[in-house]
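Visitor: First the structure, then my questions, so here it is.
The values are calculated or read from the model by the stated rules, or taken from the named source; none is laboratory data. Computed from a predicted structure; not experimentally measured. FYI the Cβ positions are ideal-geometry reconstructions off the backbone, even for glycines, and counts take in every protein chain you see. Just so you know, the surface numbers come from the protein's heavy atoms only, side chains and all, with ligands and any DNA or RNA stripped out. Shrake-Rupley method; radii C 1.70, N 1.55, O 1.52, S 1.80 Å.
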Amino acid sequence: MAPRSKRGFATTIDFTLSADPLRAAFQRRSLEALSRITSQASNESLADALAASTDVGALARVLGDAEVVGSAVAQLEPLAPLIARNAEHRVELMKAAGGVLTVEEVGALLGITRQAVDKRRRAGALLALRQAGDWRYPRCQFAEPSHEVVVGLPRLLRAFAEAGPWATLDFLLAADATLDGKTPLEALRTEGWTESLDRLVRIEHGDGFG
């Protein structure tokens, strides 16, 4: 017989705790938090969360709602909603980027060694995101038919070196009127490094005026 909740409804959860004590402790706390949030959230909030395209996005939307999380939690963790919304935005960015490639996949695509990929990353010639203890490379930066990096991209990456990889990816994929509605990455692919793109970069750095 399936276990019953306090309200008498039958519930089943296909879930197994990790054998690792640290991971199991995190799973328990996460489940407890989700249970509290689910009981407090409105149907509208849950429907909005379920509209997200990924599981992570659904969770981020709920955690990003200060009213759902609760005032007590918001006072203890005032940045929690902001962090959650940022997490959802990163998920959307990864989707817009076409996913990510491992260092081995990048090496195979470009026809170079793993060491050469790492060298390009350190030199700011490849955009890489730190995930799960390793580097992942947004797929959108490659011109895959020609097995090359999009022409002009290293110059743009170096211009945004201090901004960080996520801010750089956000810039690359954001459409802008300065580029006639194109994203900087689309402009690079179709037109190369133009005066309009140069002006947009300068505006982003506070050095240019539209």
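Visitor: Being open to solvent by less than 20 Å² (accessible area, probe 1.4 Å) and among the small types (Gly, Ala, Ser) is the filter; apply it to segment 93-116 and report the residue that is modelled with the highest pLDDT.
Guide: GLY107
Visitor: What tally of residues in segment 151-171 results from selecting those that are over 15 Å from GLU92 (Cα atoms), surrounded by fewer than 18 Cβ atoms within 10 Å (Cβ to Cβ) and among the hydrophobic types (A, V, I, L, M, F, W, C)?
Guide: Selection size over segment 151-171: 4.
Visitor: Would you mind finding the one in ARG36, ARG85, ARG90, ARG120 that is basic (Lys, Arg), modelled with pLDDT of 70 or more and farther than 26 Å from ALA159 by Cα?
Guide: Answer to the selection: ARG36.
Visitor: Still on this model: With respect to LEU169, determine if the residue is in contact with a strand residue (DSSP E or B) (Cβ under 8 Å, 6 or more places away or on another chain) and either at pLDDT 90 or above or of a type in the set (Lys, Arg) (or both).
Guide: The answer is yes for LEU169.
Visitor: Collect the residues in segment 162-183 that are assigned to a helix (DSSP H, G or I) and within 18 Å of the chain's Cα centre (by Cα), keeping them in residue-number order.
Guide: Within segment 162-183, ALA163, PRO165, TRP166, ALA167, THR168, LEU169, ASP170, PHE171, LEU172 meet the criteria.
Visitor: Out of segment 117-150, which residues are surrounded by fewer than 14 Cβ atoms within 10 Å (Cβ to Cβ) and either more than 24 Å from GLU92 (Cα to Cα) or of a type in the set (Ser, Thr, Tyr) (or both)?
Guide: LYS119, ARG122, ALA123, PRO145, SER146, HIS147, GLU148 - these are the residues of segment 117-150 that are surrounded by fewer than 14 Cβ atoms within 10 Å (Cβ to Cβ) and either more than 24 Å from GLU92 (Cα to Cα) or of a type in the set (Ser, Thr, Tyr) (or both).
Visitor: Please specify each residue of segment 172-199 satisfying the condition of being surrounded by 17 or more Cβ atoms within 10 Å (Cβ to Cβ) and touching a Gly at 6+ places or on another chain (Cβ under 6 Å).
Guide: Within segment 172-199, LEU188 is the sole residue that qualifies.
Visitor: Okay, next question. Search segment 90-141 for residues being touching a residue at least 60 places away in the same chain (Cβ under 8 Å) and assigned to a helix (DSSP H, G or I), and hand back the single one that is nearest to GLU186 (Cα to Cα).
Guide: ALA96
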